[in-house]
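The values are calculated or read from the model by the stated rules, or taken from the named source; none is laboratory data. All of these numbers come straight from a predicted model, not from anything done at the bench. Quick reminder, even Gly has a Cβ in these numbers, built from the backbone with ideal geometry, and neighbours come from all protein chains shown. Remember, those area values only see protein heavy atoms, side chains included, never the ligands or the DNA or RNA. Shrake-Rupley method; radii C 1.70, N 1.55, O 1.52, S 1.80 Å.
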Amino acid sequence: MTVTDSAPGGCATAGARAAHEGILRRQSARESAARTYARALPIVPVRARGLTIEGADGRRYLDCLSGAGTLALGHNHPVVLEAVRKVLDSGAPLHALDLATPVKDAFVTELFRTLPSGLADHARVQFCGPAGTDAVEAALKLVRAATGRRTIVAFAGAYHGMTAGALDASGHAADVRVARLPYPQDYRCPFGVGGARGAELAARWTESVLDDPKSGVPLPAGMILEPVQGEGGVIPAPDHWMRRMRQLTAERSVPLIADEIQTGVGRTGTFWAVEHSGVTPDVMVLSKAIGGSLPLAVVIYRDDLDVWGPGAHAGTFRGNQLAMAAGTATLAHVRENRLAERAATLGSHMLSQLRDLARHFPCIGEVRGRGLMIGLELVNPEEEPKRDGDGETGTVPAEDGAVVPGGPPLPYPPEPTEPAAPGRGATGAAAARSREPRPAAPELAAAVQRECLRRGLIVELGGRHASVVRLLPPLTITDEQAAAVLDRLADAVDAAARGHVGRSGGERGPRQGQPRPAGAAEGAG
C-alpha cells in the first residue's frame, strides 16, 4: 500500500482537501518556529479512536506516536470518556488547586496501588505543573532541599524535559551544570565493548566519579535516570546496571530519581519500568499516561525526603480534576486487564519480527526496545565505522585471540560473541566487526518516516542524530493491527532504502521476491 486509507465513503472531497490545506497554511503562518511534530507529520486530525486517526482530508492513519507515549489506551478509550463525562455531569469543580476532592482521593488511591513494592507504604505525592518537565523540576528541587547538596548526576543521552533544570539534566544540554555519566548501550557503547562488560565499565566509571575526591563532582544531591532512554534512541538500561546504580546511590545516601514519564503505566512490559530490575527508587517522576491523555504530572518520593514547608513548591494547574478522573480510569484499566503483560508479549513478538527485517536491510543498524517501546536505528552501511584520531579503531582482545575493533584493551577477554545473523558474517572477530556501529543516517530515517506516513502509519524519530524510528503504539493495539504496522513499516523501509540507493549508488535491502517479515491485511486501522 503506497497511500493512506480513506475514511468510509470513498475519497476525500475537494472541499475537504482544501480545508485540510488551509489549516496547515494558517498553522505555518501563525505558530512558532519551535513546533516539531507538525513539520514531519502534515496531517490535521479531526477524529480518533484507539490506534486510528482520521484527518481532515478523509485519510486514516495508524498512530504509533500515541501523543509521545501519553495515550496508553489509545485515542478516546470508552473508560476514559466515561470517567470524564461522570465528572462533568456531577457538577464537581474542575479546578481545585491542591484542595482534597473525591476525584483526587480516588486517583491517589489507584496510583499508590500500582507503585513498586517498598515505595507505596512510605511515599508522599506532590502534584506539580501539568507537564513531565515540571515533575522533573520538582524532583530536582526536592532532593536538593532534602540533602542540602546542589549537584545532580545524570546520563549521556538523557531527556528529562525542556525547562531549564530539566534541560541541564538532559544529554543535549549546552550550559552544563549537571555532571554527565555514561549510559550503557550495545550498539554505540562508549567503551567499544557493549553487553555486560560495557555496562560494568559504565558502572565502574560512575563509582569512580562518586568516590574520587578529584573527579570534580562533589557528592550529589541526586541521580536521575531513565530505565529506558526514549528520546535518546530507545535504549533499555540493563537490569544488572540498574541494580548497581541503586546500590551505589544507597551506599552514599544519594537519592535515586527514576524518570518514568514515558516508560510508566505498562509501556515496557511491567507497570513501571524499574520493576524489570527489582529496583525501588527514592523518587519517581510521572506524567504522560497517568493523566489518561489529559495534562497531569506528579512526583512520588520517600516520606523521609518530605522536608518542604507549605508553598515550597506549587503550580496553579496541579489540581486538574478531569485529568485525575481520566488517569484513575486508565491506571485501573491497565492493571485490571493486565495490559503490561500484554505489552511484554506483543512487544517481544514485534521486536522479533523487526530483527528479521533487519537481516535483510543493512541500513537497519540495530532493533531495540522493551515492551511496546521500540526503536530501529538507521545507518549508512556503505560508510566505514567511525575511526578515532589516528585513523584506526580501538581494539579489544577477542576470545579467539583475534583483534576485535571497537574500544580500548581490557584486562580480561570480552564475553563470547553471538552467532551472526544470516547474511551478516561469521562468529568471533568477524561477527564483532559486522556489528560495528555505522554512521547514523538521519536523512534515511526521515525518508522512512515520510514513507510510513504515505502508507498511513505515524511514527516518531529520536536518537542522537534523529536516526532512530520509534514505535509507541497504545497498549490496546490488537495482533492484527500490530501486523499491519509491521507490514507498512517494512514497505516504508524498503521504499526509503531504494531511494537512498539511487542517491548513493550502493545496494541495500531485498529485491523483488526476496523474503520479508510477514505482514497483515491493510484494513487493520
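Here are the numbers for the structure shown:
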{"quantity": "Percent accessible area from carbon and sulfur atoms, the range 244-351, protein chains only, probe 1.4 Å", "calculated": "51 percent"}
{"quantity": "Spin-label model distance (nm) - His349 vs Arg25, 7 Å beyond Cα toward Cβ", "calculated": "4.6 nm"}
{"quantity": "Centre separation in Å (Cα based) which lies between the range 358-380 and the range 49-69", "calculated": "23 Å"}
{"quantity": "Rg over Rh [alpha-carbon atoms, Kirkwood Rh] for the range 54-103", "calculated": "1.12"}
{"quantity": "Cα radius of gyration and Dmax for the range 88-149 (Å)", "calculated": "14.4, 48"}
{"quantity": "Probe 1.4 Å, accessible area per residue of the range 1-122, Å²", "calculated": "56 Å²"}
{"quantity": "Cys64 accessible area, assembled protein chains, probe 1.4 Å, Å²", "calculated": "0 Å²"}
{"quantity": "Accessible-area composition of the range 1-132, carbon plus sulfur, in percent [1.4 Å probe]", "calculated": "56 percent"}
{"quantity": "Label point distance in nm, Arg47-Asp105, each placed 7 Å from Cα along Cα→Cβ", "calculated": "4.0 nm"}
{"quantity": "Modelled FRET efficiency - R0 22 Å, Asp239 with Thr36, Cβ distances, 0.05 increments", "calculated": "0.10"}
{"quantity": "Near-label residues of the range 230-258 by backbone N, under 17 Å of a point 7 Å along Cα→Cβ of Asp304", "calculated": "246-257"}
{"quantity": "For the range 211-337: accessible area per residue (Å², 1.4 Å)", "calculated": "31 Å²"}
